[in-house]
Every structure is written in C-alpha cells, then in structure tokens.
1. Want the number for residue 247 to residue 373: 0.36 nm per residue separation, take away the alpha-carbon distance, what's left?
2. Can you pick out the pairs among 54/137; 232/285; 137/232 whose Cα atoms lie more than 32 Å from each other?
3. From the phi of every residue in region 277-291, what ³J(HN,Hα) in whole Hz does the Karplus formula 6.51 cos²θ - 1.76 cosθ + 1.60 yield, where θ is phi - 60° and glycine or proline is x?
4. Test of understanding: what is the full-extension gain from residue 353 to residue 110, defined as 0.36 nm times their sequence separation minus their Cα-Cα distance?
5. Give me the distance in nm between label points sitting 7 Å out from Cα along the Cα-to-Cβ direction at residue 340 and residue 302, one decimal.
6. Estimate the FRET efficiency between residue 365 and residue 154 by the formula 1/(1 + (r/R0)^6), using the beta-carbon distance for r and 45 Å for R0, to the nearest 0.05.
Amino acid sequence: MEIDQANREADGGISLPSHGYDQKSDPTPSFGKLPPSRITEVEARTIAELRSEKRSTYRPTVLALEEILYRQLEVLGQGFVRVMDYMGDDGAVVQAARVSYGAGTRKVREDARLIRYLLSHRHTTPFEMCEIKLHVKLPIFVARQWIRHRTANVNEYSARFSILEKEFYVPDEEFLKTRTEEERVETRLAEQPGLFGVDKEAQPKHVAPQSEINRQGRGGELSAEEAKDVLKRIKEESSRAYTNYLYLLNETPDGELRDPDRRGLTRELARMVLPTNVYTQWYWKIDLHNLLHFLSLRSDPHAQYEIRAYAEVILDQVVARWVPLTCAAFRDYVAGAFTLSAPALAVVRRMLAGESVDQAASGLSAREWRELMAALGGGD
C-alpha cells in the first residue's frame, strides 16, 4: 500500500441531508491540495481503513471537513493535528439560536448575519452546540500550555504503560546541515526512528534571546553562531536523556530485556529523565465556543510560536472547513479586532477632534500606548 494513499481517496457515495439550507451554496473556501504527511505504513493503513467505511446519515455533515477526516495535518516538525469526529455545523449554531426545528430553507447570508450578530455581541451559548474531537501530537512543553484551557475533555498517551518514541522538538531543527555527536548515539539505537528528521539548511528564526520588555516572550534573533551552539546543546541533551531513559528501562517496546544481566526501572519512574521537548499525544474534545476562545489566545501574535503553529493549523485547516460562516465572523470580530479600554477610547476621540496626543499626555501606560499605536497603525 502506498503511504500517501489515504491522502488521495475520494469522498463520494455519502447521501447527506441539507438541514436548513443548500450546502452547495455554502461559501466554503477553496483549500487546494493538502500538504503530504510523513506517516508510517501502519498509520497509512489505519487512515485508509477508516476512510474506506462509507456511511449514510441523517445528521449534519460538512463535506469540506470530511475531506480531511482522520488525515494528519503536519505541525511543528514531527507533530500533527487530525480530526477524529465532530458534531454540528454553522446550521447547528443558527438552529440553537432560533430554538427552531424544521424552519425551512434559508439563505446562507441570513445565517451569516445571525452568526455575526451572535459573535459580535458575545451570545456564546449557540456555539456550544457544536463539538469537535482532535488527535494531536505535540511537545510536552506545548501540551503544558495547552492544558491550561480547562474546558475540554482530554485523554493523553501514558508513559506509565508505554515507551515514548525517540522524537524531540528542536527550535528550527533544520538549521544545521550536518549532525554532530548525537548522530552516533542514534546509530546505536537503530530500532527507533530518527531523532530530528531530515536535515535541511534554514535560518534560526525560531531560536531567540529573552525579550527585554516581555518576561514571557522572545526578543530579536540569535546570531548564526549563537543559534548553532544552542541547537547543538539541545540536540545533545535530548539524545543523552533518551539514551539514559532506555538504559533505565532496560527493555524494548515489546517488553524484552535489553541486558538480561540487570533489572530495569519501572516505566513510570524512568520517564522522569526525559526533557519537555519530547513529543506526547492526546485526544482533545471541545465545543466550538471554547475552541474559539482557545484560538483567540493561542493564534495571537503574542502567543509562543510553538503553540501558535498548532492554533493556526486548527483555525486555517479545520475551523475554516468545518464552520466557514463562524470562522469568517471570528476573524472579523475577534482575531482581527482590537478592544479599546475606556482611557484608550478617550485618546482616540481626542485625536479625532484634532488634538495632538503623546504617551505622556494620554494617561496610558507605555505598554498600553504601544499597543494602541500598533492597532492604529501609528508609531511610538
């Protein structure tokens, strides 16, 4: 079986009800060809088997989302997001808002107007009627940020019962053309996949020093030599940690002893030597309202790059397919919008009245002034 077969299958043969309006007139954007995923033969067979089961249903379905159901959307090196299941669509949001059944055929623009009204006026309950379940593979340090959103149902891969794969995230991992000491470590562990993927030349744009004005952010970029040293150390430490992990376990993934002359440490303790850039996986189920809140924070330019990469894929490749009317409203009223505080609004009114206002006379803090000027397209 070809590995990319799961990404080439057609989705015909499913009979779908219209549920309130004609899906053919649904303004779903054209997404083009999906990027290829690096998946194993086993994963390819699993996806192909899931997608080969055609079902007729009376519940609302979204053809654009069905096209990527079960497929892996690559994120952050060896990570991915894939849609496992969903419930509801834009029509379900409208239906809940109107508390109506069998309301007849409506024009899409009427639904769009209602959805935009709901989102702009923060009437959020109708969006809770839709749910989606994602399978996500991500570095542990990203997962620890992600799990702060406590409005989802989560079930994570357990390192107490299973051996973690030798997969680590490295910032801009393709920066170095050649590998160094860690390559020899990998050679001795040939039964595991490569640690850092394919080597390509790139720039160290995601390896940066600490910001001087934001304790949670990055500021500027490291020089090429500094980045090279940082990446070398990250790779060496990751390789060393995994070597120690396997030594402590003293067993293969099948449970066989590597060294029959000594006993290994239990999996639940051996895992503690692994760094937080090792990949984990989970199933994550959430309603649309809370998903949009997650995306409003994690797709924001101020969010850490690594979690923002996941948020952008979910927004652009999943939500835009699933609920295009809601996604368009979200981009206009949330993601692309800027909320003014009362003092900031007063400054804008003074400016509109012709007054020249600087930060000292604005009554705003330096941070608030910078943010306002950035939103208005002005300088400092």
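Each value in this text was obtained by applying a stated rule to the coordinates, not by laboratory testing. Every value quoted in this text rests on a predicted model; they were computed, and no experiment measured them. Cβ: placed from backbone, ideal geometry, glycine included. Neighbour counts: every protein chain shown.
1. Fully extending the segment from residue 247 to residue 373 adds 39.8 nm.
2. Details: 54/137 27 Å; 232/285 37 Å; 137/232 24 Å.
Checking Cα-Cα distances, 232/285 exceed 32 Å.
3. So the J values, rounded to whole Hz, are 8, 6, 7, 10, 9, 7, 9, 10, 10, 8, 7, 5, 4, 6, 5.
4. Values: separation 243, 0.36 × 243 = 87.48 nm, distance 3.74 nm.
Between residue 353 and residue 110, full extension yields an extra 83.7 nm.
5. Distance between label points: 1.9 nm.
6. Result of the calculation: an efficiency of 0.75.
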